[in-house]
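Shown next, in structure tokens, is the structure this report addresses.
Laboratory data are not the source of any read-out in this text; all were calculated from the coordinates shown. Keep in mind that this is a model prediction, so the values were computed, not measured. Reconstructed Cβ throughout: ideal geometry from the backbone, glycine too, with neighbour counts over all protein chains shown.
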Amino acid sequence: MFTMKHPISTEAPSLADLISGGSAFLVVFTARWSPAAHPLFKATADELADSGIPVISVDVDTNTNYADKFSIVSVPTVIYLVGNDERRRFVGATSPLEILISLRELGLISGKGNQ
């Protein structure tokens, strides 16, 4: 199950499309049994809405291929990707503001959009 909050388009691209497209995006790996994962996805997507970066949620139980591909061993895990290239990983219940600040400090996003 994929859930997507995409601030630019009403059509939500798939994770495979985002990877092959080479654009910057965030993946929040979740699980139905994780009480922290779903609120983190929603809050992160809301916090990053102005950045223009798509935020996608991937359930590790129904998408084991992606969980394996990205070596997910704990949820929630948030990964900032540019295409297939992992630039930053956050494991555990990280605040959306902490994610945003970290991405800005690393120069991965600016105040107005992605790089």
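Mind checking which residues of the range 85-112 are touching a Ser or Thr at 6+ places or on another chain (Cβ under 8 Å) and under 26 Å from Arg32 (Cα atoms)?
Arg88, Arg89, Phe90, Val91, Gly92, Pro96, Ile99, Leu100, listed by residue number.
Suppose we filter the range 13-27 for residues that are in a loop (DSSP other than H, G, I, E, B) and within 10 Å of Ile56 (Cα to Cα); how many remain?
2
Do we find a residue being more than 23 Å from Ser14 (Cβ to Cβ) and in contact (Cβ under 8 Å) with a residue 60 or more places away in the chain anywhere in the range 53-64?
Within the range 53-64, not a single residue is more than 23 Å from Ser14 (Cβ to Cβ) and in contact (Cβ under 8 Å) with a residue 60 or more places away in the chain.
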